[in-house]
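Notes to accompany the following structure.
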Amino acid sequence: MSVLHALVPAPVLSLMILGLWLALAPQITPGQFVLGAVVALAIPRLTAAFWPDRPRLARPLVALRLAGTVLADIVVANFAVARRVVGPLHRLHPAFVEVPLDLRDGFVATILGSIVSLTPGTVSIEIDRERWILFVHALDDTDAQMLVDTIKRRYEAPLREAFAC
């Protein structure tokens, strides 16, 4: 293990923490930068034991493209859910849907579940790691297979590519 890796075990996470710290600071000063850097270096080291088998990001550009897709889907889904909820409630068709997973990594499956939950109108309920099924509750599901195909194509496939699993 190199000295740099010992000091900064998760450089991307540290940069994200520092960026978030500075974005939330009332004013960016040298003191805020130093304090943010200390926090950004300390958190990954203090939480390293919680991430024993963390997969490595193999294709960062694919992950970046996925992040853009998720952000766009969140915006579009917010409007769609608002339109459905404001309309007649009897037109809603809530349902539980089982999404069979091709990936076999618990960490990446958790990311997928988080993405599904972030998108308005769907909530991931559980990941069955024996059968590798993601259980999803959909607010308005008229076509379960289309929802399964969408989750697999828009989120699972890019996650598998980004993490090479």
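Which of (1) aliphatic (A, V, I, L, M); (2) under 30 Å from Val12 (Cα atoms); (3) outside any loop (DSSP other than H, G, I, E, B); (4) open to solvent by less than 40 Å² (accessible area, probe 1.4 Å) is the odd one out, the single condition Leu61 does not satisfy? Going through (1) aliphatic (A, V, I, L, M); (2) under 30 Å from Val12 (Cα atoms); (3) outside any loop (DSSP other than H, G, I, E, B); (4) open to solvent by less than 40 Å² (accessible area, probe 1.4 Å) one by one, Leu61 breaks only (4). Residues in the stretch 122-131 that are surrounded by fewer than 19 Cβ atoms within 10 Å (Cβ to Cβ) and not acidic (Asp, Glu) were compared, and the one that is nearest to Thr69 (Cα to Cα) is Val123. With respect to the stated conditions, Pro94 is out of contact with any helix residue (DSSP H, G or I) (no Cβ under 8 Å at 6 or more places or on another chain) and open to solvent by 30 Å² or more (accessible area, probe 1.4 Å). Of the set (1) within 16 Å of the chain's Cα centre (by Cα); (2) crowded, with 17+ Cβ neighbours inside 10 Å; (3) modelled with pLDDT under 90, all apply to Gly106 but (2). Considering only the stretch 28-35, I want to know if a residue exists there that is in a helix (DSSP H, G or I), at pLDDT 90 or above, over 22 Å from Pro60 (Cα atoms) and among the aliphatic types (A, V, I, L, M). Yes. Val75 satisfies every condition listed in (1) at pLDDT 90 or above; (2) open to solvent by less than 40 Å² (accessible area, probe 1.4 Å) except (2).
In the stretch 1-27, which residue that is modelled with pLDDT of 85 or more and in a loop (DSSP other than H, G, I, E, B) is farthest from the chain's Cα centre (by Cα)? The residue in question is Gln27.
Is there a residue being in contact with a Lys or Arg (Cβ under 8 Å, 6 or more places away or on another chain), open to solvent by 40 Å² or more (accessible area, probe 1.4 Å) and not hydroxyl-bearing (Ser, Thr, Tyr) anywhere in the stretch 45-54?
No, the conditions are met nowhere in the stretch 45-54.
When you scan the stretch 17-38, do you find a residue that is open to solvent by 80 Å² or more (accessible area, probe 1.4 Å) and touching a residue at least 24 places away in the same chain (Cβ under 8 Å), even just one? Within the stretch 17-38 (the criterion being open to solvent by 80 Å² or more (accessible area, probe 1.4 Å) and touching a residue at least 24 places away in the same chain (Cβ under 8 Å)), the answer is no, since none of the residues qualifies.
Take Arg154 and tell me if it is open to solvent by 40 Å² or more (accessible area, probe 1.4 Å) and touching a helix residue (DSSP H, G or I) at 6+ places or on another chain (Cβ under 7 Å). Against the criterion (open to solvent by 40 Å² or more (accessible area, probe 1.4 Å) and touching a helix residue (DSSP H, G or I) at 6+ places or on another chain (Cβ under 7 Å)), Arg154 qualifies.
The values are calculated or read from the model by the stated rules, or taken from the named source; none is laboratory data. Predicted, not measured: the structure shown is a model, and the values here were computed from it. Because the Cβ atoms are built from the backbone with ideal geometry, glycine has one as well, and the counts that use them run over all protein chains shown. Each accessible area value is taken on the protein alone, full model and side chains, heavy atoms only, with ligands, DNA and RNA left out. Shrake-Rupley method; radii C 1.70, N 1.55, O 1.52, S 1.80 Å.
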